[in-house]
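The structure appears below as structure tokens.
The values are calculated or read from the model by the stated rules, or taken from the named source; none is laboratory data. Nothing here was measured: the structure is a model prediction, and the numbers come from that model. Please note: Cβ atoms are built from the backbone with ideal geometry, for glycine as well, and neighbour counts cover all protein chains shown.
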Amino acid sequence: MLGLKLPTDPRWVDIATKNIVDILVDHAYCEQKAASSCISLIVLHSDKKYLVDTLTPIVSEEWSHFRMVLKELNTRGYSLGPQRKDEYVIALQALITKGGSPEQRLLDSLLVNALIEARSCERFRILSEEIEDSDLKLFYHELMKSEAGHYMTFIDIAKNYIDETKVKYRLDEFLAAEALIIESMRPERKRMH
């Protein structure tokens with residue numbers, strides 16, 4: 001369903017499990033950025049009713065996830081800490097066509113968001129299956145279901161405004177590029193992506 005071309009390196013879950021506070025901090029910022037990204041899309045494309053109506057509840061949901069991750073940090077006696085640069089997202093955003101048509105930029109932006117959700121979903125699934133902490137196991141299982149839905153939502157929005165053949169072609173290009181990005185990143189990174 002997610003279409004990812006390269007699965008997460010199996011070593012990542014061991015690193016994540018041993019550094020769960022770093023993962024939770026990074027995850028909190030990922031949720032904050034997801035909410036901000038949806039807000040930006042709404043502001044930039046306020047004339048697109050379907051997009052606005054579809055993304056508005058996702059903003060609330062992503063912010064709710066941010067609060068949930070903060071609660072998990074607080075439960076463990078940790079604070080949010082400083083934000084870190086997300087090299088994965090930066091690399092994906094570099095795929096967005098510069099100076100292209102408004103339609104092309106919209107498509108690319110929606111697909112970048114879709115891929116972030118897809119990779120998050122995959123990593124949440126891994127954590128929900130592999131982590132020993134039973135509370136976090138359930139936490140990540142629930143978030144996994146939400147992220148899968150968000151992935152499909154971004155694709156559906158794209159298909160609502162852009163020819164489905166163009167969406168599929170560009171998605172295939174982005175999936176191939178995303179695999180190269182993941183392959184280039186060290187699995188020992190203490191990051192969600």
Worksheet item: Among the residues of the stretch 136-149, is any at pLDDT 95 or above and part of a helix (DSSP H, G or I)?
Response: no
Worksheet item: For Met192, which of the numbered conditions (1) assigned to a helix (DSSP H, G or I); (2) under 18 Å from Asp26 (Cβ atoms); (3) among the hydrophobic types (A, V, I, L, M, F, W, C) fails to hold?
Response: (1)
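The rows are residues; the columns are (1) in contact (Cβ under 8 Å) with a residue 12 or more places away in the chain; (2) more than 28 Å from Leu136 (Cα to Cα); (3) of a type outside the set (Lys, Arg).
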{"site": "Tyr50", "(1), (2), (3)": "yes, yes, yes"}
{"site": "Asp53", "(1), (2), (3)": "no, yes, yes"}
{"site": "Glu62", "(1), (2), (3)": "yes, no, yes"}
{"site": "Arg67", "(1), (2), (3)": "no, no, no"}
{"site": "Asn74", "(1), (2), (3)": "no, no, yes"}
{"site": "Thr97", "(1), (2), (3)": "no, yes, yes"}
{"site": "Ser101", "(1), (2), (3)": "no, yes, yes"}
{"site": "Ser109", "(1), (2), (3)": "yes, yes, yes"}
{"site": "Ala118", "(1), (2), (3)": "yes, no, yes"}
Fill in: Filter pass, Val167 being farther than 19 Å from Glu62 by Cβ, assigned to a helix (DSSP H, G or I) and touching a residue at least 60 places away in the same chain (Cβ under 8 Å)
yes
Discussion item. Condition first: of a type in the set (Lys, Arg), modelled with pLDDT under 95, part of a helix (DSSP H, G or I) and closer than 27 Å to Leu175 by Cβ. Can you find one or more residues in the stretch 16-31 that meet it?
Written reply: no
